[in-house]
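First comes the structure, then the notes that go with it.
The values are calculated or read from the model by the stated rules, or taken from the named source; none is laboratory data. All values derive from a computational prediction rather than experimental measurement. Every residue, glycine among them, receives a Cβ derived from its backbone with ideal geometry; neighbour counts consider all protein chains shown.
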Amino acid sequence: MIKRNSRFAAMAVVTAALLTSGCAPRSDFPSLARRPAEDAYRAMPVKRPAPMPPAVISDGLPDRLAALLAQANAAHATFESRQTAATRTVNAAAGAAKGTERWSVASVALAGLETARSQAAMPLADLDRLEAEASIRAVEGSDADLKAVRDTRMKVEALVQSETGVIDSLRTKLGA
């Protein structure tokens, strides 16, 4: 019973304190009128941001990007020329035990496709470097270089991804 009364007394004290804290005189609150400093900030001139420079691609970059894309396309053409024979060889070796003649011939054909894919991926290293340089230039001004490099990169990556899909599919058929 004593615990119950002491809890009740504690709650009553807390409640009374909370209720009386809201009874402060109005003169203790700050005024909401405009202060002189607020007028000074409003009168300060606003600096407009500098206009963005026109989007101009760096000299020589379009030629460099075209050469890298051509290199990737040539490697993709090599891949496609090997793909039919490799697919036929892998289909013939499907289900063959590892180490057998058919499996070995199919593995060599698959390796030829992987070589062609790696040749198509080689331009990506140069595109990485060009993208890093273009990112720096984009911070300093125009982002035209960055957009051009990323566009070329997407095209090369699409080629490499399609080749990877073919290789993975053939590898699954072969059981390698």
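Quick notes on this structure:
- Considering Ser6, Ser58, the condition of being modelled with pLDDT of 75 or more, polar (S, T, N, Q), more than 30 Å from Leu170 (Cβ to Cβ) and in a loop (DSSP other than H, G, I, E, B) is satisfied by Ser58 alone.
- Test: residue in the stretch 108-124 that is under 30 Å from Gly60 (Cα atoms), in contact with a helix residue (DSSP H, G or I) (Cβ under 8 Å, 6 or more places away or on another chain) and among the acidic types (Asp, Glu): no
- The criterion of being of a type in the set (S, T, N, Q), under 16 Å from Arg82 (Cα atoms) and free of Cβ contacts under 8 Å to residues at least 12 places away in the same chain holds for Thr115.
- Residues that are surrounded by 15 or more Cβ atoms within 10 Å (Cβ to Cβ), over 17 Å from the mean Cα position of the chain (by Cα) and of a type outside the set (D, E, K, R) within the stretch 139-161 comprise Ser142, Ala144, Leu159, Val160, listed in sequence order.
- Test set (1) β-branched (Val, Ile, Thr); (2) free of Cβ contacts under 8 Å to residues at least 40 places away in the same chain; (3) farther than 30 Å from Pro49 by Cα - Ile136 fails condition number: (3)
- The single residue among Ser135, Ser142, Ser169, Ser104 that is among the polar types (S, T, N, Q) and assigned to a loop (DSSP other than H, G, I, E, B) turns out to be Ser142.
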